[in-house]
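Data block below; observations after.
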């Protein structure tokens, strides 16, 4: 991946690479008949609106791009490689007896014309009823080869594979096989998983002789994708998700291409498949497309987005928030990117910690899991609305103060360190580690195992549901004096206003 380059440099490099790839592909193909198929590939989409202060992403822009691609080539298909139902700020909005739970995303993608989807691990954040309802509302074709219901049967309307038959104006035909595999990281009672690598092998065996082009649509970590490419050279292309940053690599004896776009449609990939009918050879020309304000919004999709945004905002108002209300104007950017908050502290994560301590006076330190921060965005200096705060911490939950024995605290901090790179990584305030990584310090003093520390902690961490922290529950004998101090989002708002000054400006 390219580092330390600005947007214009990246755009120039991408265009050059695309033109070179197109030239190579054209020159390698004969003058004989070819069938061209266009794939619009996106993954890990949680926001229907643009992100980064409106500069990037936005599904109304993606809808416009798909319409443009369809005009250029009627054989155009949009494919999403998992994660759309959850988590998102708008999805957490109160609605009827529950929450929106991805209704807004399904409706928007229906309007956009999404053709094929495989499951992401976050689809199963929803309870069983909401999950089944979202599936029934979706007009896309769902493909999953390794994820089934609790009885091991396919979910309603979900295929283990699909074959797309594409015929051009000269009646030349190409068959494209799709299968989908998902990592088993969200084990709910209504879901069962088969091993994704073994499943991919079985799908290759069953499909390869039936199709001209074989594509794996995956929601796996990149190491698993690379293993598929190395073990199964019969796969022509891997369209992936799960990582939130764009990736393009080639692995295996046949140099199978693996692609992933940026989360929240900051970018998408456009893959041109050019199949030589006579030689039975495939060329793939891929371009990373930046989704910015240079692409106009599709009006029909905008109307759907506005409908669900209004519904979500009304739900938040009933819960005591004013989504459009501008609470502060910051002078600094706030880094909530997943790649940042799951590995290090940032200005934003420190503000959350300090806000927790503000509402629970007398605490020695604060801790919460990095997975609470879901915005996956770099918030530019300027206006921060209450909805932005909801985007940062969509799950909400209470700030809780507890007294905890030092020996338990050390165990928790050690596990948080081991969880680095995941949502279980612990963000902290007033905590430091010795240079050799063996000793913890609280407020500059060495942690003592026999001492009781007063801690501001997120209520989720006291459920025992975080990775490696199953023992961290309210009934642990080393935890006492449990007190709740209100919504963590309210605490962050108060801290932002304390640092940057209160705006209290009505939404514009």
Problem - Single residue of region 110-122 satisfying the filter (out of contact with any helix residue (DSSP H, G or I) (no Cβ under 7 Å at 6 or more places or on another chain) and assigned to a helix (DSSP H, G or I)) that is modelled with the highest pLDDT - result: 110
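Here's the yes/no breakdown for (1) outside any helix (DSSP H, G or I); (2) crowded, with 21+ Cβ neighbours inside 10 Å; (3) at negative phi:
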| site | (1), (2), (3) |
| --- | --- |
| 230 | no, no, yes |
| 234 | yes, no, yes |
| 264 | no, yes, no |
| 287 | yes, no, yes |
| 301 | no, yes, yes |
| 306 | no, no, yes |
| 312 | no, yes, yes |
Handout entry: Enumeration of residues in region 448-457 that are in contact with a helix residue (DSSP H, G or I) (Cβ under 6 Å, 6 or more places away or on another chain) and either surrounded by 19 or more Cβ atoms within 10 Å (Cβ to Cβ) or on the phi > 0 side of the Ramachandran plot (or both)
Key = 453, 456
Problem - Residues (part of a strand (DSSP E or B) and touching a helix residue (DSSP H, G or I) at 6+ places or on another chain (Cβ under 7 Å)) located in region 176-185 - result: 177, 179, 181, 182
Exercise for the section: Could you tell me which numbered condition residue 165 fails, if it satisfies all but one of (1) surrounded by 14 or more Cβ atoms within 10 Å (Cβ to Cβ); (2) closer than 26 Å to residue 280 by Cβ? Expected result: (1)
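Being touching a strand residue (DSSP E or B) at 6+ places or on another chain (Cβ under 7 Å), more than 17 Å from residue 216 (Cβ to Cβ) and buried (at least 24 other Cβ atoms within 10 Å of the Cβ) is the filter here; which residues of region 113-126 pass it? Full working, then the answer.
The first filter runs over region 113-126 and keeps only residues touching a strand residue (DSSP E or B) at 6+ places or on another chain (Cβ under 7 Å), leaving 113-121, 124.
Those left that are additionally more than 17 Å from residue 216 (Cβ to Cβ): 113-114, 124.
Passing the criteria: only 114.
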Problem - Any hit, region 142-157, residues being surrounded by fewer than 22 Cβ atoms within 10 Å (Cβ to Cβ), within 13 Å of residue 85 (Cβ to Cβ) and touching a residue at least 24 places away in the same chain (Cβ under 8 Å) - result: yes
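Would you pick out the residues in region 55-77 that are touching a helix residue (DSSP H, G or I) at 6+ places or on another chain (Cβ under 6 Å) and either without any contact (Cβ under 8 Å) to a residue 60 or more places away in the chain or in a helix (DSSP H, G or I) (or both)? Before you say what the answer is, go through the steps one by one.
In the first step, residues of region 55-77 are kept if they are touching a helix residue (DSSP H, G or I) at 6+ places or on another chain (Cβ under 6 Å); the result is 57, 59-60, 62-63, 76.
The answer is 59, 60, 62, 63, 76.
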Practice task
Would you check if there is a residue in region 325-333 being within 24 Å of residue 53 (Cβ to Cβ), in contact (Cβ under 8 Å) with a residue 24 or more places away in the chain and in the same structural domain as residue 177 (by TED's automatic domain parsing)?
Solution key: no
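Could you check region 176-189 and list, in sequence order, the residues that are more than 21 Å from residue 242 (Cβ to Cβ) and buried (at least 16 other Cβ atoms within 10 Å of the Cβ)? First the steps, then the outcome.
Pass one, region 176-189, residues more than 21 Å from residue 242 (Cβ to Cβ): 176-177, 189.
Result: 176, 177.
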Problem - helices (runs of 4 or more DSSP H) wholly inside region 338-396 containing at least 1 residues that are crowded, with 23+ Cβ neighbours inside 10 Å, modelled with pLDDT under 95 and assigned by TED's automatic domain parsing to the domain that holds residue 441 - result: 386-392
Fill in the blank from the handout: Within region 24-63, the residues that are out of contact with any strand residue (DSSP E or B) (no Cβ under 6 Å at 6 or more places or on another chain), over 30 Å from residue 305 (Cβ atoms) and modelled with pLDDT of 50 or more are 31, 32, 33
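Which is closer than 15 Å to residue 404 by Cβ, modelled with pLDDT of 95 or more and under 33 Å from the mean Cα position of the chain (by Cα), of 479, 442, 457?
Details: 479 fails: under 33 Å from the mean Cα position of the chain (by Cα); 442 fails: under 33 Å from the mean Cα position of the chain (by Cα).
Sole residue among the options that is closer than 15 Å to residue 404 by Cβ, modelled with pLDDT of 95 or more and under 33 Å from the mean Cα position of the chain (by Cα): 457.
Conditions (1) assigned to a loop (DSSP other than H, G, I, E, B); (2) out of contact with any helix residue (DSSP H, G or I) (no Cβ under 9 Å at 6 or more places or on another chain), marked per residue:
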{"residue": "169", "(1), (2)": "yes, yes"}
{"residue": "189", "(1), (2)": "yes, no"}
{"residue": "203", "(1), (2)": "no, yes"}
{"residue": "208", "(1), (2)": "no, yes"}
{"residue": "215", "(1), (2)": "no, yes"}
{"residue": "224", "(1), (2)": "no, no"}
Handout entry: Exclusive hit being farther than 23 Å from residue 38 by Cβ and modelled with pLDDT of 95 or more, set 235, 174, 181
Key = 181
Problem - When residues of region 94-109 are limited to those that are assigned to a loop (DSSP other than H, G, I, E, B) and modelled with pLDDT of 95 or more, the one surrounded by the most Cβ atoms within 10 Å (Cβ to Cβ) - result: 102
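What are the residues in region 202-228 that are under 25 Å from the mean Cα position of the chain (by Cα) and surrounded by fewer than 21 Cβ atoms within 10 Å (Cβ to Cβ), if any? Walk me through how you get there before you give the answer.
Here is the first cut: in region 202-228, the residues under 25 Å from the mean Cα position of the chain (by Cα) are 215-228.
The answer is 221, 222, 223, 224, 226, 227.
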Practice task
Please state which one of 399, 412 is in contact with a helix residue (DSSP H, G or I) (Cβ under 6 Å, 6 or more places away or on another chain) and crowded, with 19+ Cβ neighbours inside 10 Å.
Solution key: 399
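Considering region 124-141 alone, what residues qualify as being under 17 Å from the mean Cα position of the chain (by Cα) and touching a residue at least 60 places away in the same chain (Cβ under 8 Å)? I'd like the intermediate steps shown before the answer.
Step one: filter region 124-141 for residues under 17 Å from the mean Cα position of the chain (by Cα), giving 124-126.
Those that are under 17 Å from the mean Cα position of the chain (by Cα) and touching a residue at least 60 places away in the same chain (Cβ under 8 Å): 124, 125.
The values are calculated or read from the model by the stated rules, or taken from the named source; none is laboratory data. As the structure is a prediction and not an experimental result, all values here were calculated from the model. Glycine gets a Cβ as well: all are built from the backbone with ideal geometry, and neighbour counts include every protein chain shown.
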